[in-house]
Amino acid sequence: MTITRAATVSKYGTEIEDLIRSIRKWMTDRSEAPSADEILARCEDEFFGSELSYRTSSRENEIILGSMHVRLINRYGILEELLSDPHINEIMVNGPERIYVERERRLVRVDDAFTSYAELEEIIRMFASDVHREINEANPIVDARLPSGYRVNGVLRTVALNGPILTIRKFRETEIDMAELVGCASLSSDCAVDLAVLVRSGYNIFISGGTSSGKTTFLNALTAFIGRSERVITIEDSAELVISHIDNKVQMECRAANSIGKGEVNMTQLIRTSLRMRPDRIIVGEVRGREVIDMIQAMNTGHDGSMSTGHGNSIRGMLNRLETMYLSDSQVSVGSVRNQIANAIDIFVHLKRDAKGRRHVEEVAEIAGFDGADYILNYLYKVDREGSLMPTGNGLLDRERLTRFGYGEMMQGSTGSGEGRAS
């Protein structure tokens, strides 16, 4: 029978915690901090002097000593190695005994475990305290961005039946640009050129996609084509965008309420206040609720070139979701909402994450208007049966901004006239 780290830590978790507690007291009582080697020597003394060492095999001894040592020398214990691994994009902890990571687009279970629910909850509290947030029975959820840029979501057992649950999304230190996305076949070079022209020309763009389809990464790549002289306001739930080439920018982030329910700053408030900051463009992170009303209003009031993202399964599915979010906090008719959305958003880009973990553009469409019953969509690019992103042959219908910015000869479509088909 194979002896695994996860099974060993789970089996002897309580006793491992007792040994660690004793060593931490020794570390605290010292006049100076011990070195990693001194801590390891102390681990060996404590373990082999305990009753536990008489009940374990040599392989289990090795695992237990390593588990004790890593918890004592690292602030985040067993997560430290995963956090420092550049090949890991996401860490998912489903209770003490189930740890998963996304490594190079594949979900892999990690052979390790937390010693108890308490240890995992303590790690979640440490992440929360790093950003001056509270998580407790009264506030059992924390969603925060660490100083490192990682996004952390923690949920305690009071609401997670197999919890505590911890999810950490890591972001690269260097930005992914459009050339790199083309290189990894996320989209074609022709589509990349056309999207760059649309951004430069000030078309309002909305990026949709499912969970972990790369919406924020793609949005960040698109922002590279915004002119350096423009004033840009970014609004996010947890700040992730990096627009390094623009000096005249304002970055705003939502804030959760404190322990007594005060001090919340939501996306709706930030969008409204951004309108008073004289923005050229407003970039809104993922919209999930009533803030969609203010985002649509902002795009309809002269802030050309604004961008946002949302969770949807297709372009039409995303349009339906936007309607639902809008109507949940508004008394206007469906027709009026559809007309406002059609007037606000010019271009939709839909992303998909396939079974192999590859993130790619599935379709690109222009919203050509609203006919009183439904949206008129002019598809510019679609994935074919072989999985390649191909131009549809349709030209862009609304060409006024292309002409104004000197791109009038581009995106003509196969007809060469700009009179592409709409559906």
Next item on the list: Output the number of the condition that Arg401 fails; it satisfies all remaining conditions of (1) touching a residue at least 60 places away in the same chain (Cβ under 8 Å); (2) open to solvent by 50 Å² or more (accessible area, probe 1.4 Å); (3) closer than 24 Å to Ile282 by Cα; (4) more than 23 Å from the chain's Cα centre (by Cα).
Entry: (2)
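Among the residues of the stretch 374-381, is any open to solvent by 60 Å² or more (accessible area, probe 1.4 Å) and either over 22 Å from Thr301 (Cβ atoms) or not in a helix (DSSP H, G or I) (or both)?
Within the stretch 374-381, one or more residues are open to solvent by 60 Å² or more (accessible area, probe 1.4 Å) and either over 22 Å from Thr301 (Cβ atoms) or not in a helix (DSSP H, G or I) (or both).
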Notebook entry, point to check: Among the residues of the stretch 332-345, is there at least one that is outside any strand (DSSP E or B), open to solvent by 60 Å² or more (accessible area, probe 1.4 Å), touching a Ser or Thr at 6+ places or on another chain (Cβ under 9 Å) and in contact (Cβ under 8 Å) with a residue 24 or more places away in the chain?
Noted result: no
Note to self: Quick test of your reading of the structure: His132 fulfils all but one of (1) within 17 Å of the chain's Cα centre (by Cα); (2) on the phi > 0 side of the Ramachandran plot. Name the failing condition by number.
What the structure shows: (1)
Notebook entry, point to check: If you go through the stretch 1-52, how many residues are touching a Lys or Arg at 6+ places or on another chain (Cβ under 8 Å) and loosely packed, with under 13 Cβ neighbours inside 10 Å?
Noted result: 0
Check: In this structure, does Tyr76 turn out to be part of a strand (DSSP E or B) and either surrounded by 18 or more Cβ atoms within 10 Å (Cβ to Cβ) or within 25 Å of the chain's Cα centre (by Cα) (or both)?
Finding: no
Note to self: Checking Val197 against (1) buried (at least 21 other Cβ atoms within 10 Å of the Cβ); (2) hydrophobic (A, V, I, L, M, F, W, C); (3) outside any loop (DSSP other than H, G, I, E, B); (4) in contact (Cβ under 8 Å) with a residue 60 or more places away in the chain, only one condition comes out false. Which one?
What the structure shows: (1)
Note to self: Give me the residue from the stretch 130-143 that is outside any loop (DSSP other than H, G, I, E, B) and within 16 Å of Pro164 (Cα to Cα) and, out of that set, most open to solvent (accessible area, probe 1.4 Å).
What the structure shows: Ile141
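The values are calculated or read from the model by the stated rules, or taken from the named source; none is laboratory data. Because the structure is a prediction, the values reported are computed rather than measured. Backbone-built Cβ (ideal geometry, glycine too); neighbour counts: all protein chains shown. Heavy atoms of the whole protein, side chains included, go into the accessibility calculation; ligands, DNA and RNA do not. Shrake-Rupley method; radii C 1.70, N 1.55, O 1.52, S 1.80 Å.
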